[in-house]
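Here is the structure we will look at.
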Amino acid sequence: MTRKQRKNLTRIIISAVLMVVLHFIPVTGLFRFALYLVPYLIIGYDIILKALKGIKNRQVFDENFLMTVATVGAIAIALIDEGDYVEAIAVMLFYQVGELFQSYAVGKSRKNISALMDIRPDYANIEVDGNLEQVDPDEVEIGTVIVVQPGEKVPIDGIVTEGVSSLNTGALTGESLPREVKEGDEVLSGCINMTGVIKIRTTKDFGESTVSKILDLVENASSRKSKSEDFISKFAKIYTPIVCYSALALAVLPPVINLILQNTANWGDWIYRALTFLIISCPCALVVSVPLTFFAGIGGASKQGVLIKGSNYMETLSKSKIVVFDKTGTLTRGVFEVNGVHHNELEDKELIEIAALAESASSHPISKSLQSAYGKEIDRSRVSDIQEISGNGVLAKVDGKEVAIGNGKLMDRLGIEYHDCHSVGTIVHIAINGAYAGHIVISDVVKETSKEAIAAMKKSGISKTVMLTGDAEKVASQVAKELGIDEYKAELLPADKVSRVEELLSEKSEKAKLVFVGDGINDAPVLSRADIGIAMGAMGSDAAIEAADVVLMDDDPKKIAKAIKISRKCLGIVYQNIAFALIVKLVCLVLGAFGITNMWAAIFADVGVTVIAVLNAIRALRA
Amino acid sequence: MKKTYKIEVDCANCANLMEDATKKTEGVASAVVNFMTQKMIVEFEEGADVKAVMKNVLKACKKVEPDCEIEL
């Protein structure tokens with residue numbers, strides 16, 4: 001509890017005790033009034049002050065004003081009729097209990113969230129003359145070697161130069177499995193080093209590092225307001241004055257009509273009903289719980305590695321019906337891997353070994369995938385006379401044998417007969433000493449979770465999935481079929497993607513929202529064109545972070561379904577709270593107007609509803 | 001120019017009110033109040049006197065939410 005909360009709790013206790021004690025003191029008249037005024041002022045002075053300030057600042061109609069008018073009115077009635085002061089004090093008392101509870105609950109959930117996002121590293125360790133020195137991470141220059149001990153946060157992005165360890169990437173990705181790192185691996189700042197001491201050569205400034213970017217994003221998560229929030233704040237602006245005037249009418253009209261009809265006016269009775277009406281109508285439950293739900297929802301999502309930039313995006317995301325994907329890097333890993341070896345005379349491994357050796361001098365992605373398939377250190381001394389034929393392939397001598405490796409054109413050029421392949425992907429033909437030795441198929445690999453992700457989306461009510469790619473028709477159709485995607489368009493240029501998304505936007509109905517998911521490379525225009533742009537694993541690309549509305553911290557497509565689910569849950573809670581609060585209040589208002597409820601019931605209708613709504617709102621935290 | 005201030009505010013809606021009030025203050029180009037992290041990020045217009053502007057911001061915020069605090 002904060003100091004303010006403790007103070008309020010003390011006030012509540014003191015005034016409650018005083019109220020009980022006063023009940024047993026037999027005094028009457030003005031003296032009794034004066035005595036009861038003490039607990040009332042103890043519990044309500046700040047509300048009254050706020051109401052007065054509101055009037056001064058021309059912001060008259062708020063809950064402080066409602067409470068003040070209602071309680072002052074109740075006290076006035078009690079003073080005239082020599083009645084019960086307890087009601088007025090109880091109204092203030094319960095109102096304060098409600099406020100205290102709410103501020104405690106909100107503070108607690110807020111702390112939960114900010115603790116999760118507390119990934120800012122305070123220092124970096126630099127080795128100076130064999131001793132570790134802590135410095136401000138802002139002052140570390142690119143290329144400096146920093147030391148990260150077990151239990152410490154990695155302060156700056158870089159590459160491991162020494163040591164082995166496992167890193168907890170939970171704060172960045174929501175992933176609970178630790179990631180093993182060794183020399184040569186890239187590490188992102190914000191991870192927590194768990195087991196061993198590692199040395200890292202920094203590759204970025206602190207300000208450009210992942211951790212700074214994430215914090216920036218979270219802290220700037222602009223409170224772009226959702227329609228429901230707008231609705232509530234507009235609603236409160238109109239609603240409160242209407243309620244006040246209705247209460248005034250309720251207090252004045254019936255007695256006046258009674259007078260005209262020459263009945264007894266019953267002023268006290270009607271004023272009491274009007275005051276009850278005022279208390280019930282206090283819109284706190286809505287005004288407090290709706291924004292709180294969005295905050296909790298956004299917080300809960302960031303805990304899962306889903307950063308949503310504002311509550312309006314939360315709302316749009318919950319209405320998504322069409323999901324459009326970029327292929328490479330989003331559904332597939334965007335890394336080329338050896339997928340098969342065909343028509344080979346030699347063992348698969350041997351052929352790959354020869355291919356990797358022959359291609360060892362090339363920096364082409366194909367050569368990299370061959371080398372990673374080979375998986376061992378390349379012994380350069382086994383290769384000689386490397387000759388690269390641009391657009392065709394490579395000729396080289398491996399272990400004294402003449403090796404030709406490349407596409408069909410190279411084989412044609414050398415006059416070697418070859419088998420074409422029916423498989424999808426890039427085909428690398430190999431000839432040894434002028435004789436065809438088979439071919440290797442290299443293709444992009446679908447992410448393990450892609451299929452599951454598409455199924456999860458379908459299950460959560462996404463009606464159409466579309467894949468857009470610049471890749472060949474054959475590749476696209478195979479991936480789409482494998483993953484169960486409804487529609488695909490292949491061989492698109494980046495500009496075609498925008499126009500295709502525009503077509504989809506114009507085809508769909510206004511209510512169904514379109515989501516575009518990309519890995520952030522070349523996707524910025526489409527990301528901003530779609531109703532919601534989701535960038536995944538985009539920590540490296542500033543343009544994507546800028547353009548996207550939702551950023552997934554890792555590149556697991558399952559997170560897309562998760563994000564949609566979180567947003568639906570959050571909006572569900574918002575609607576529940578709005579409906580619940582309005583219905584309870586409406587019923588109580590009608591009952592109050594007819595004099596069926598009293599002020600006690602009214603205060604429970606107000607505070608009780610608020611407390612339940614706040615508890616419901618906090619549910620959004622647990623995504 | 002952007003500056004971040006620590007704030008103290010109790011309810012999410014009050015944070016929204018503070019943000020609106022800050023945005024309307026002269027010399028402020030844009031403002032974001034983050035209820036969760038209890039921070040206010042203010043972007044000032046060029047050539048604005050930051051200290052004077054923040055004084056007005058505090059005043060405006062106190063008007064909509066007397067309980068709020070901004071650490072200047």
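The values are calculated or read from the model by the stated rules, or taken from the named source; none is laboratory data. Computed from a prediction, not measured in an experiment: that's the story for all the values here. In this analysis, Cβ positions are derived from the backbone assuming ideal geometry, glycine residues included, and neighbour counts consider all displayed protein chains.
List of remarks:
- One residue stands out among those in the stretch A:322-364 that are polar (S, T, N, Q) and over 30 Å from A:ARG529 (Cβ atoms): the one that is modelled with the highest pLDDT, which is A:SER360.
- Any hit, the stretch A:74-92, residues being among the small types (Gly, Ala, Ser), more than 12 Å from chain B (Cβ to nearest Cβ), more than 43 Å from the chain's Cα centre (by Cα) and surrounded by fewer than 19 Cβ atoms within 10 Å (Cβ to Cβ): yes
- No other residue among A:VAL287, A:VAL243, A:VAL211 is assigned to a helix (DSSP H, G or I), surrounded by 15 or more Cβ atoms within 10 Å (Cβ to Cβ) and within 14 Å of chain B (Cβ to nearest Cβ) apart from A:VAL287.
- The one condition from (1) of a type outside the set (Lys, Arg); (2) out of contact with any His (no Cβ under 9 Å at 6 or more places or on another chain); (3) touching a residue at least 60 places away in the same chain (Cβ under 8 Å); (4) buried (at least 21 other Cβ atoms within 10 Å of the Cβ) that A:VAL341 does not meet is (2).
- Meeting the requirement of 2 or more residues that are within 30 Å of A:ILE560 (Cα to Cα), the strands (runs of 3 or more DSSP E) wholly within the stretch A:370-460 are A:435-446.
- Tallying residues that are among the acidic types (Asp, Glu) and either closer than 21 Å to A:ARG120 by Cβ or in a strand (DSSP E or B) (or both) within the stretch B:1-40 yields 1.
- For the criterion of being surrounded by fewer than 24 Cβ atoms within 10 Å (Cβ to Cβ) and either of a type in the set (Ser, Thr, Tyr) or part of a helix (DSSP H, G or I) (or both), A:ALA601 passes.
- Enumeration of residues in the stretch A:314-338 that are of a type in the set (Gly, Ala, Ser) and either farther than 21 Å from A:LYS497 by Cβ or surrounded by fewer than 24 Cβ atoms within 10 Å (Cβ to Cβ) (or both): A:SER318, A:GLY329, A:GLY334
- The residue list B:MET1, B:MET40 contains one member that is closer than 26 Å to A:ALA617 by Cα and either modelled with pLDDT of 85 or more or more than 12 Å from chain A (Cβ to nearest Cβ) (or both), which is B:MET40.
- Candidate set: the stretch B:17-37, residues that are facing chain A (nearest Cβ under 7 Å) and modelled with pLDDT of 80 or more; chosen: the one surrounded by the fewest Cβ atoms within 10 Å (Cβ to Cβ): B:VAL32
- Condition check for A:GLU546: surrounded by fewer than 20 Cβ atoms within 10 Å (Cβ to Cβ) and closer than 20 Å to A:LEU331 by Cα: no
- In this structure, A:VAL252 does not qualify as closer than 27 Å to A:LEU591 by Cβ, more than 10 Å from chain B (Cβ to nearest Cβ), at pLDDT 75 or above and crowded, with 19+ Cβ neighbours inside 10 Å.
- Residues of the stretch B:5-16 classified as surrounded by 20 or more Cβ atoms within 10 Å (Cβ to Cβ) and more than 7 Å from chain A (Cβ to nearest Cβ), total: 4
- The single condition from (1) more than 9 Å from chain A (Cβ to nearest Cβ); (2) over 23 Å from A:LYS111 (Cα atoms); (3) outside any helix (DSSP H, G or I) that B:MET54 fails is (3).
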